[in-house]
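Everything on this sheet refers to the single structure shown next.
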Amino acid sequence: MGRKSIKEDKNIYFKSRENAGMTRETAAEKLQFISADRIERIENERSVPHPDEVLAMADAYKNPSLCNYYCSHECPIGQEYVPEVTAKDLSQITLEMLATLNTLSEEKNRLVEIVVDGKITDDEITDFLRIQENLSKMSLAIDSLKLWVDNAIASGSLDHNLLLQGQ
């Protein structure tokens with residue numbers, strides 16, 4: 001087995017592989033279509049990974065957050081439209097969702113007043129932007145919950161088959 005790197009400024013791909021307990025060679029064997037040299041170039045930021053490589057690494061390293069990282073930091077479209085989602089505890093996610101739901105519940109009637117005529121007037125814009133910000137918070141909380149579920153499945157603490165049965 002290879003030595004553990006003492007490099008200090010490891011990127012997320014490097015850390016994920018090491019956290020999975022893999023050398024570049026064992027990762028390349030598991031990933032099959034990504035060579036150890038290619039992994040080294042990605043980890044040392046001499047090459048940007050392709051989306052299919054990130055998907056494979058996320059699966060092999062049991063780190064679904066690699067996909068969100070790639071989309072929010074490296075993909076030109078994702079950098080514009082995909083917010084970074086950080087892993088949080090389920091209780092924190094739930095509390096954030098409930099707090100935002102409470103706020104949105106209070107703002108629901110104002111949103112209806114604003115949009116009923118199909119336009120947003122100058123005197124409505126401030127309220128509309130506040131409501132839009134709270135909707136963005138809810139969207140981020142939902143994405144955090146999805147990431148929590150993906151991480152729980154990857155770690156084996158949540159049974160994916162049981163989730164599918166519940167649908």
**OP:** State in Å² the accessible area per residue of the chain; use a 1.4 Å probe, count heavy atoms of protein chains only, and round to the nearest integer.
**Re:** 66 Å²
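Considering Cα pairs under 8 angstrom that are at least six residues apart, work out the relative contact order of the chain and quote it in whole percent.
The value is 19 percent.
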Original post:
the stretch 28-121: which chymotrypsin sites (Phe, Trp or Tyr not before Pro) are DSSP loop and have at most 13 other beta-carbon atoms within 10 angstrom?
Top reply: PHE33
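The values are calculated or read from the model by the stated rules, or taken from the named source; none is laboratory data. Note that this is a predicted model, so its numbers are computed, not measured. Glycine also receives a Cβ, built like all others from the backbone with ideal geometry; neighbour counts cover every protein chain displayed. Note: accessible area is taken over every heavy atom of the protein model, side chains too, but ligands, DNA and RNA are not part of it. Shrake-Rupley method; radii C 1.70, N 1.55, O 1.52, S 1.80 Å.
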